[in-house]
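The values are calculated or read from the model by the stated rules, or taken from the named source; none is laboratory data. All values reported here derive from a predicted model rather than from experimental measurement. With ideal geometry, Cβ positions are generated from the backbone for all residues, glycine too; neighbour counts draw on all protein chains shown.
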């Protein structure tokens, strides 16, 4: 069920519900959004890596049956070097059993320790991004790593290890006594992270992936060496938790700027930082906070002047101000005033000057383009669109509001009128 799958998940669920034969589905990420619907139709069985003593005990039984004499601690060292991979451990045992050197005397722990570097599994494959961050920041573990090994720790997951180091480098030195040397090291690491972020932006913008080793050194390896200490378990990067909030804030700012740009000269990024948004927000809320339903006309006058709707006041400006630590003043407005304001907007007398495309409109336009490949459409539908365009043009010429009325309803109304006229005739 990769990125190119279309409908395969639904077909598999349908087959699972009908078939009498067992179907085994294997996945690496049980929390992925792609298999959430599939998980409801399956029995979720989680497999964990077998512990080292269990592997050594089972391998001792197999070695005894095969006539190979091997010490238990040697089997534990072999299981640890293979990362709990049972198949790899059995392959190594088979090689040792076929060797004439160990048939008579058996395998001792020191013999296994000497040969362990020849049969161990790639350590980078077994390391998670959190383990890699822990190895880089812990002085005891990092001192045993070469420069090449440190780079391999970064490339375990180049998009996450750097963020983990940035999140936990201060926690690594918090146990040390505070002096100027520690503070200077922390400041130097922060400067290195800044340079790493600049290199990362260059890589993303220009697709210059040749700079990735430089990012590994400046954004993770060298700062971890400068401010190493001890970290029990790395914390998850808070940047990823705030990224969705940042995307929502950017969307709200762009939508608000799209309406304000017709009547204001302030730029989208300066709506709140310049104080323009706070001034506009307070000017619209001051009449509402008075508690008098008659004063909602003052707020509506400001909204109409800028072509804004109620949601721009309650959602856009309010949430953008809360992001900067301001309070939500709209909660303090009396419920009667809110109801009166909602009823006034529902009358349709207050329109917007800018109509932003929504998902429904985009889907409707896509269906219109795809649904009729030969260019032959419904004549009634074309007449309704033509009539709606003529009605909108007449409204614009007359200086009417910017509220769009569905053309289908007008077409039905005119058809009824025509039918009544024919009946009278």
(request) Please find, among 101, 112, the residue that is exposed (fewer than 15 other Cβ atoms within 10 Å of the Cβ), modelled with pLDDT under 85 and either more than 30 Å from residue 30 (Cβ to Cβ) or assigned by TED's automatic domain parsing to the domain that holds residue 26 (or both). (result) 101
(message) Filter the range 140-150 down to the residues that are surrounded by fewer than 15 Cβ atoms within 10 Å (Cβ to Cβ) and within 10 Å of residue 225 (Cα to Cα) and list them by number.
(response) 143
(request) Answer yes if at least one residue in the range 287-297 is in contact with a helix residue (DSSP H, G or I) (Cβ under 6 Å, 6 or more places away or on another chain) and either modelled with pLDDT under 75 or closer than 30 Å to residue 242 by Cβ (or both), and no otherwise. (result) no
(message) within 31 Å of the chain's Cα centre (by Cα) and modelled with pLDDT of 80 or more: is that true of residue 232 in this structure?
(response) yes
(request) Give the range 201-232 a look and list any residue that's exposed (fewer than 11 other Cβ atoms within 10 Å of the Cβ) and more than 20 Å from residue 182 (Cα to Cα), or say none. (result) 201, 204, 205, 206, 207, 210
(request) Tally the residues that are over 21 Å from residue 232 (Cα atoms), surrounded by fewer than 17 Cβ atoms within 10 Å (Cβ to Cβ) and in contact (Cβ under 8 Å) with a residue 12 or more places away in the chain, restricting the search to the range 153-189. (result) 2
(message) I'd like to check something: does the range 130-151 contain any residue that is part of a helix (DSSP H, G or I), under 25 Å from the mean Cα position of the chain (by Cα), without any contact (Cβ under 8 Å) to a residue 60 or more places away in the chain and closer than 24 Å to residue 88 by Cβ?
(response) yes
(message) Among (1) surrounded by 15 or more Cβ atoms within 10 Å (Cβ to Cβ); (2) outside the structural domain of residue 321 (by TED's automatic domain parsing), there is one condition residue 245 misses while meeting the rest; what is its number?
(response) (1)
(request) Determine if the range 79-88 includes at least one residue that is more than 30 Å from residue 13 (Cα to Cα), assigned to a helix (DSSP H, G or I), more than 41 Å from the chain's Cα centre (by Cα) and modelled with pLDDT of 85 or more. (result) no
(message) Cβ contacts < 6 Å: first residue in contact (Cβ under 8 Å) with a residue 40 or more places away in the chain, restricted to the range 193-217; second residue surrounded by 14 or more Cβ atoms within 10 Å (Cβ to Cβ), any location; separation 6+ or different chain. Result?
(response) 215/196; 215/199; 215/200; 216/151; 216/154
(message) Could you tell me how many of the residues in the range 221-247 are touching a helix residue (DSSP H, G or I) at 6+ places or on another chain (Cβ under 8 Å) and in a helix (DSSP H, G or I)?
(response) 10
